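Visitor: Encoded as structure tokens, here's the structure I'll be asking about.
The values are calculated or read from the model by the stated rules, or taken from the named source; none is laboratory data. From a predicted model like this one, the values you see are computed outputs, not experimental measurements. Cβ placement follows ideal geometry from the backbone for every residue including glycine, while neighbour counts extend to all protein chains displayed.
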2 protein chains.
Amino acid sequence: MKRARRADTIAKFALATSALLCVGAVAARRPPVEKADNASPIFHVRLPKAYRDWQLISVAQENGSLNDIRAILGNRTAVEAYRRGTRPFPDGSKIVRLAWRYQSSARNDAVFPTPQSFVAGAPTNVQLSVKNSKRYPTTGGWGYGQFEGGKATADPAVVRTCFACHSKLEPASDYVFTSYSE
Amino acid sequence: MKRARRADTIAKFALATSALLCVGAVAARRPPVEKADNASPIFHVRLPKAYRDWQLISVAQENGSLNDIRAILGNRTAVEAYRRGTRPFPDGSKIVRLAWRYQSSARNDAVFPTPQSFVAGAPTNVQLSVKNSKRYPTTGGWGYGQFEGGKATADPAVVRTCFACHSKLEPASDYVFTSYSE
């Protein structure tokens with residue numbers, strides 16, 4: 001009887017311990033994140049807080065339905081790869097494209113000799129490319145996300161078009177549109 | 001005779017000492033710098049080595065004779081003033097405008113649904129505004145410089161036009177064209 005009670009206590013302890021371990025395991029292996037924690041669909045890319053402090057890679061302007069003016073920034077890993085000409089980009093490289101409405105500036109034009117000045121208007125969206133060759137082997141090692149007002153665009157069709165377009169670029173560019181501007 | 005020799009020695013010592021002090025004074029009070037040490041004329045503004053690492057303020061595009069696309073970056077003091085809405089900008093603020101030829105991108109247009117893409121071509125010049133209210137009291141506290149290929153543009157007429165144009169802006173903007181883009 002005494003032995004049985006002891007065995008029972010050990011079994012209960014083992015059960016409790018394994019339950020705790022399971023909870024621990026679940027906590028350590030977080031499930032795939034969706035909208036709730038602001039990650040992009042499919043790639044689960046999050047916008048780092050510091051992205052607005054990253055360094056300038058270059059600028060561009062798109063007409064047509066986009067009608068925007070844009071800046072492309074990179075984290076330290078990406079910018080160093082650009083400056084050294086390293087391709088493919090090393091894992092950890094992050095390239096962010098900020099875009100704003102392309103709009104004529106009446107204020108500037110009043111000062112300049114002729115109407116000629118276009119500036120950044122309201123922000124449109126922010127797109128982020130993250131290099132992780134192990135995590136994204138089927139998309140050239142790149143994961144993609146789009147963010148509007150800081151929130152991940154939830155429609156999976158949006159990020160699905162990213163690599164469809166980037167993959168048309170020459171592989172030597174590592175599927176990246178922007179060149180570094182001195 | 002002995003007294004005369006002593007007086008002569010003292011005089012020689014005094015002369016040597018004052019000559020040394022003069023050399024020291026010249027070294028401490030460097031003459032106004034021109035082309036030789038790559039400072040702009042009139043304002044003697046130099047381009048800091050780290051400017052290409054500064055943070056993005058905004059982007060713009062100019063047509064007409066300029067025909068460029070540009071990025072405006074700021075040092076930490078300037079960017080913090082922008083983010084906090086501090087005007088006038090505190091002394092030590094530095095704002096740099098990089099510009100490149102505004103050019104159509106055949107590479108991007110081959111991938112996009114319609115021809116629409118413009119990118120940064122060859123660099124044109126870099127213009128720097130430095131806030132120092134004590135040093136530049138007659139130009140709103142701003143000193144100006146222009147640099148081509150890293151070298152200060154030597155023609156004083158170029159920097160003379162800077163404040164002539166900036167001074168047409170409303171004083172509440174502290175004579176700065178660019179607004180911060182989120």
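Visitor: Among residues belonging to the range B:39-65 that are surrounded by fewer than 17 Cβ atoms within 10 Å (Cβ to Cβ) and closer than 15 Å to B:ARG101 by Cα, point out the one that is farthest from the other protein chains (Cβ to nearest Cβ).
Guide: It comes out as B:SER65.
Visitor: Report the residue count in the range B:141-164 for those that are in contact with a Phe, Trp or Tyr (Cβ under 8 Å, 6 or more places away or on another chain) and either surrounded by fewer than 20 Cβ atoms within 10 Å (Cβ to Cβ) or assigned to a strand (DSSP E or B) (or both).
Guide: Adding up the residues that qualify gives 5.
Visitor: Within the range A:105-150, can you find the residues that are of a type in the set (Lys, Arg), touching a Leu at 6+ places or on another chain (Cβ under 9 Å) and within 30 Å of A:PRO88 (Cα to Cα)? First the steps, then the outcome.
Guide: To start, the set of residues in the range A:105-150 that are of a type in the set (Lys, Arg) comprises A:107, A:131, A:134-135.
Those left that are additionally touching a Leu at 6+ places or on another chain (Cβ under 9 Å): A:107.
None; the set is empty.
Visitor: Next question, about the same structure. Taking the residues in the range B:165-180 that are over 24 Å from B:ALA122 (Cβ atoms), assigned to a loop (DSSP other than H, G, I, E, B) and not polar (S, T, N, Q) as candidates, determine which candidate is nearest to the other protein chains (Cβ to nearest Cβ).
Guide: Among those that are over 24 Å from B:ALA122 (Cβ atoms), assigned to a loop (DSSP other than H, G, I, E, B) and not polar (S, T, N, Q), it is B:LYS168.
Visitor: Oh, and also: Restricting to the range B:69-108, name every residue that is more than 8 Å from chain A (Cβ to nearest Cβ), crowded, with 22+ Cβ neighbours inside 10 Å, of a type outside the set (Gly, Ala, Ser) and assigned to a strand (DSSP E or B).
Guide: Matches in the range B:69-108: B:ILE72, B:LYS94, B:ILE95, B:VAL96.
Visitor: Here is a list of conditions, (1) of a type in the set (A, V, I, L, M); (2) over 25 Å from B:ARG70 (Cβ atoms); (3) part of a loop (DSSP other than H, G, I, E, B), and A:VAL111 meets all of them except one; can you say which number that is?
Guide: (2)
Visitor: Return yes when B:GLY121 is within 10 Å of chain A (Cβ to nearest Cβ), out of contact with any strand residue (DSSP E or B) (no Cβ under 6 Å at 6 or more places or on another chain) and either crowded, with 20+ Cβ neighbours inside 10 Å or without any contact (Cβ under 8 Å) to a residue 40 or more places away in the chain (or both) and no when it is not. Talk me through it step by step, then tell me what you get.
Guide: On the way: within 10 Å of chain A (Cβ to nearest Cβ): yes; out of contact with any strand residue (DSSP E or B) (no Cβ under 6 Å at 6 or more places or on another chain): no; either crowded, with 20+ Cβ neighbours inside 10 Å or without any contact (Cβ under 8 Å) to a residue 40 or more places away in the chain (or both): yes.
Criteria not met by B:GLY121.
Visitor: Does B:VAL111 count as more than 30 Å from A:ARG107 (Cβ to Cβ), away from chain A (no Cβ under 13 Å), surrounded by 14 or more Cβ atoms within 10 Å (Cβ to Cβ) and at pLDDT below 95? Write out each step before concluding.
Guide: Numbers: more than 30 Å from A:ARG107 (Cβ to Cβ): yes; away from chain A (no Cβ under 13 Å): no; surrounded by 14 or more Cβ atoms within 10 Å (Cβ to Cβ): yes; at pLDDT below 95: yes.
Against the criterion (more than 30 Å from A:ARG107 (Cβ to Cβ), away from chain A (no Cβ under 13 Å), surrounded by 14 or more Cβ atoms within 10 Å (Cβ to Cβ) and at pLDDT below 95), B:VAL111 does not qualify.
Visitor: Counting only residues that are assigned to a helix (DSSP H, G or I), farther than 23 Å from B:ASN108 by Cβ and hydroxyl-bearing (Ser, Thr, Tyr), how many does the range A:131-140 have?
Guide: Our first condition is that a residue be assigned to a helix (DSSP H, G or I); within the range A:131-140, this holds for A:137-139.
Right, trim to farther than 23 Å from B:ASN108 by Cβ and you get A:137-138.
Of the ones still in play, those that are also hydroxyl-bearing (Ser, Thr, Tyr) are A:138.
Here the count works out to 1.
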